[in-house]
Amino acid sequence: MVSRVIPVEEFDLVIFGGTGDLARRKILPGLFRRFLSGQMPAGSRIIGAARSELDNAGYRKMISEAIAEFGGKESSNTKGLEGFLQQLEYVAIDARGEGGWRDLAQLVRDDVVQAFYFSVAPSLFGDLAERLHTNKIANKNSRIVVEKPFGRDLESARALNETLAAHFHERQIYRIDHYLGKETVQNLMAVRFGNMLFEPLWNNHYVDHIQITVAETVGVGGRGAYYDKSGAMRDMVQNHLMQLLCLIAMEPPGQFEADAVRDEKLKVIRALQPIDHHHIVRGQYDAGPDGPSYREDAENERSFTESFIAMRCHIANWRWAGVPFYIRTGKRMKARSSEITVVFKDLGHTIFEGDEARHRNILSIRLQPNEGMDLQVTIKEPGPGGMRLIDVPLDMTFADALGDTVEDVADAYERLIMDVIRGNQTLFMRGDEVEAAWRWTDPLIEGWEARNDVPKIYDAGSSGPDDALMLMHRDGRKWRDIKG
């Protein structure tokens, strides 16, 4: 199977923070793979911009070493690497001063697609946006890419949106969430809206409940100081898990177009009901054989910040009335796994008796690892001895179903950056989406802070606190096992 590559126009991409960790680990190795696939026209340029005093040769050497470390099997393509490095340039720049801006203005062309990637702290977004306009570098067709966090509450999110809007139109702003660039996340829309099999069943008449799990085996490690001011709610739920919830619950858009899709996601966020604190479980990982406790990682022995959170949500609309959505995410858990599970209702009537009757169809969508999906169906166990029913998966693991094509699939950052160049905002969050998510999230955070809630301690390498298991057990349900 040969994948179809959609060409892009010639472009200049400026990466502010071009010497930073994200640029070296993800952005530039990803762009190198897009270069090898033929998606970087010959005249396109990538311009690194940062405080470090480097020349072009020094920057190319730095990125060559980064690609050797993080570029995967493609890093051995020395001829391709030489060609890619020739499209790299560098400008030493002061985000809050005047140094380097004149040099950047001379480099960036006005007659090609312009994109500016703000791979820096959000506190610098306003300075960069202002100087791009003051120095007449950006134009009305320029695009800017901003990384999360998009604020830490509604007030700061509004301020950030206002800062960006002072210099750029909403159609120019690309708020990047790498989760939305994952192949399986996009396949979620294809499965729902491209198959007659599922969409008629995607409602409260047939769905019992939905689970969304994002589990990580790593702790907060070197991010302890940052994470302790954030926590799982701000770091994961308000953005990544919220977006997954929107995609699983949204109404079919009128067309597959950026604002049509984002309009439907916004309706889901606005329909989310407030959550009673009895339906929220927060946790912190304890020390284990593989590492220290959360409080040791955060260097804060009195921390009340959660490294795990689970909750039961409800969406107040006709499609999902009465259907609970259970979401959970945590650090230092038993396996690395991101999965969406749609559990369908029991049959209204069964002709089978006893234990043989208790079987459900379950659609499992695996985002990572082993991307793919399977549908659990009930069949008769082969052999004599009566009607013994068993559950088996109709499995579509991408690596098995699509073979070598999977290896050629762009990773999330590659795909999203190319969408920026094409001007496609479908997989990027709109400003009102971000604010709506914070409007729902803020009262939950304010509630547990007002109560001085202490997170439950859970064993590193487990599935989280026992209270999270009870959250579903009280409803007569149970979490899917976390498998890597």
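The values are calculated or read from the model by the stated rules, or taken from the named source; none is laboratory data. The model shown is predicted, which means the values in this text are computed figures rather than measured ones. Cβ placement follows ideal geometry from the backbone for every residue including glycine, while neighbour counts extend to all protein chains displayed. Ligands, DNA and RNA are stripped out before the accessible areas are found, and what is left, the full protein with its side chains, is counted by its heavy atoms. Shrake-Rupley method; radii C 1.70, N 1.55, O 1.52, S 1.80 Å.
Laid out as a table, the results:
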item: Per-peptide average of other Cβ atoms within 10 Å, ordering 432-439, 298-305 highest first; result: 432-439, 298-305
item: Packing-based ranking, highest mean first, of 50-59, 228-237 given that Cβ atoms within 10 Å are counted; result: 228-237, 50-59
item: Within the chain, helix-based [θ] at 222 nm, where runs of 4 or more DSSP H residues each add -39,500 (n - 2.57), nearest 500; result: -9000 deg cm²/dmol
item: Gain on full stretching of the segment that runs from Thr163 to Asp21 - 0.36 nm per residue minus C-alpha separation; result: 48.6 nm
item: Fraction of accessible area attributable to carbon and sulfur, region 209-342 (%, probe 1.4 Å); result: 49
item: Efficiency of FRET between Lys73 and Arg474 - r from beta-carbon atoms, R0 51 angstrom, step 0.05; result: 0.60
item: Per residue, in Å², the accessible surface of region 411-484 once ligands and nucleic acids are set aside, probe 1.4 Å; result: 44
item: Helix 431-451 vs. the chain, principal-axis angle (Cα, 0 to 90°, nearest 10); result: 60
item: Square roots of five times the Cα gyration tensor eigenvalues for region 163-211, Å; result: 34, 13, 11
item: Radius ratio Rg over Rh of the chain, counting only Cα atoms, Kirkwood formula for Rh; result: 0.99
item: Out-of-range pairs (alpha-carbon distance over 26 Å; input Lys148/Lys331; Lys148/Lys345; Lys79/Lys182; Lys79/Lys136; Lys148/Lys267); result: Lys148/Lys345; Lys79/Lys182; Lys79/Lys136
item: Per-peptide average of other Cβ atoms within 10 Å, ordering 215-225, 306-316 highest first; result: 306-316, 215-225
item: Nearest-ten-degree value, helix 125-134 long axis tilted from longest Cα axis of the chain; result: 40
item: Pairwise label distance in nanometres, Asp276 with Ile390, each label 7 Å out on the Cα-Cβ vector; result: 4.2
item: At 1.002 mPa s and 20 °C, Stokes diffusion of region 96-152 via Kirkwood alpha-carbon radius, µm² per second; result: 177
item: Percent of beta bridges antiparallel (DSSP, the chain, rounded to nearest 5); result: 55
item: Mean shadow area of region 1-89 over all directions, Cα convex hull, nm²; result: 5.9
item: Debye-sum result for region 278-335 in log10 I(q)/I(0), which assumes one identical scatterer on each alpha carbon, at q = 0.12, 0.22, 0.25 Å⁻¹; result: -0.41, -0.86, -1.00
item: Within region 86-114: backbone nitrogen closer than 15 Å to the Ala42 label point (7 Å, Cα to C-beta); result: 86-87
item: In degrees, nearest ten, helix 154-165 long axis to first principal axis of the chain (Cα); result: 40
